[in-house]
Amino acid sequence: MAADEKMIIMESIDKHFGHLHVLKDVSLTVGTGEKLVIIGPSGSGKSTLIRCINHLEKPSKGRVIVDGVEITAHKAPVNKVRQSIGMVFQQFNLYHHKTVLENLTLAPILLKGVAKSEAEESAMMYLDRVGLKNKANVYPSQLSGGQQQRVAIARALNMRPKIMLFDEPTSALDPEMIQEVLDVMAGLAGEGITMVVVTHEMGFAKQVADRVIFMDEGEILEQGSPEHFFTNPEHDRAKLFLSKIL
Ligand code: ADP
Ligand code: MG
């Protein structure tokens with residue numbers, strides 16, 4: 001992998017919350033365009049790790065380099081780097097007093113100085129992409145959970161990010177709405193964007209992931225292709241985890 005093909009480099013990351021040692025010397029590189037899926041038990045540090053990528057969590061030690069910029073550096077342009085990273089959370093976090101269209105256009109206009117007409121035009125394109133063009137003028141409360149999460153994805157995309165981070169995006173959804181969100185994510189994966197996805201949806205991981213990482217107790221215990229990981233995991237803790245969720 002050439003240096004310019006690395007989109008995310010995490011070097012020897014440690015994270016402590018008080019006495020809790022949540023990430024233990026974790027190193028991870030994500031290639032440009034790579035689809036990485038992170039799985040592991042609750043509390044293993046998945047969210048903390050993914051949040052270190054956009055500096056929502058500041059590592060206690062180690063370096064994070066995103067698209068060639070070290071965001072852990074003193075006076076790093078964190079806000080600028082964040083603009084190139086979209087994030088979708090378990091809770092959809094939409095602005096409830098704004099329409100769907102306004103949810104999509106707010107950040108590009110305020111943070112990137114995009115003209116309103118241009119932001120609206122691209123917003124409609126992304127809403128179309130997630131199948132919600134006809135919902136542009138409603139408020140989030142008028143949408144189902146699955147629809148709200150698709151809006152959250154479209155909102156992130158309207159910032160034209162190079163990286164999309166997903167932290168258990170379907171975990172808060174009713175079962176019948178999970179697939180529509182996974183379908184949107186799988187469609188996105190076909191487009192060359194770098195994706196890091198924390199999920200327990202193994203079908204999605206098998207379909208989309210270039211690489212699967214298994215975390216346990218603040219460490220990357222195992223990684224490999226989905227074929228390798230799902231059929232032949234090496235560690236007992238990975239086997240145990242898979243036996244519980246598959
Ligand atoms: P996962 O996403 O794999 O469930 P997290 O990264 O959310 O794991 O959490 C890892 C550990 O760090 C857990 O023990 C959790 O309670 C703890 N933790 C996470 N965020 C904080 C925080 N802001 N303050 C204190 N402890 C935290
Ligand atoms: Mg989590």
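Brief remarks follow.
- Subset of Lys58/Lys135; Lys6/Lys80; Lys24/Lys112 violating a 25 Å alpha-carbon distance limit: Lys58/Lys135; Lys24/Lys112
- Backbone HN-Hα couplings from phi across the stretch 196-212 [Karplus 6.51/-1.76/1.60, Hz, Gly and Pro as x]: 10, 10, 8, 7, 9, 7, 5, x, 5, 4, 5, 6, 10, 5, 7, 8, 10
- Axis angle, to the nearest 10 degrees, between helix 100-112 and the longest C-alpha principal axis of the chain: 70 degrees.
- Taking amide H atoms as placed 1.01 Å from N in the peptide plane, the amide H of Arg211 lies under 5 Å from those of Lys35, Val37, each 5 or more residues away in sequence or on another chain.
- Surface share of carbon and sulfur [accessible, 1.4 angstrom probe, percent] for the chain: 49
- Highest average packing first - 43-49, 23-29, 179-185, Cβ atoms within 10 Å: 43-49, 179-185, 23-29
- For the stretch 18-30, 3J(HN,Hα) computed residue by residue from phi via the Karplus equation (6.51, -1.76, 1.60; θ = phi - 60°) reads x, 7, 7, 9, 8, 10, 10, 6, 8, 10, 7, 10, 10 Hz, glycine and proline entered as x.
- Most fluctuating residue given options Ala76, Ala136, Ala156, as computed from a GNM of the chain linking Cα atoms under 10 Å: Ala76
- In sequence order, calculated HN-Hα J values of the stretch 86-99 (Karplus, 6.51, -1.76, 1.60; Hz; x Gly/Pro): x, 9, 10, 9, 4, 8, 6, 6, 7, 7, 6, 8, 10, 5
- The angle separating the long axis of helix 236-245 from the principal Cα axis of greatest extent in the chain is about 40 degrees.
- For the chain, with +1 on Lys and Arg beta carbons and -1 on Asp and Glu, the positive-most of Phe214, Met177, Gly68 along the dipole: Gly68
- Local electrostatic count at Gly131 - Lys and Arg +1, Asp and Glu -1, tallied over other residues with Cβ under 13 Å: +1
- With Cα atoms as the point set, the radius of gyration and Dmax of the stretch 138-218 evaluate to 13.1, 42 Å.
- Rounded to the nearest 20 debye, the dipole size of the chain about its Cα centre is 740 debye, using +1 on the Cβ of Lys and Arg and -1 on the Cβ of Asp and Glu.
- Principal-axis analysis of the Cα atoms of the chain puts helix 145-157 at an angle of about 90° to the longest axis.
The values are calculated or read from the model by the stated rules, or taken from the named source; none is laboratory data. Quick caveat: nothing in here was measured; it's all calculated off a predicted structure. Glycine also receives a Cβ, built like all others from the backbone with ideal geometry; neighbour counts cover every protein chain displayed. All accessible areas refer to the heavy atoms of the entire protein, side chains included, with ligands and DNA or RNA removed. Shrake-Rupley method; radii C 1.70, N 1.55, O 1.52, S 1.80 Å.
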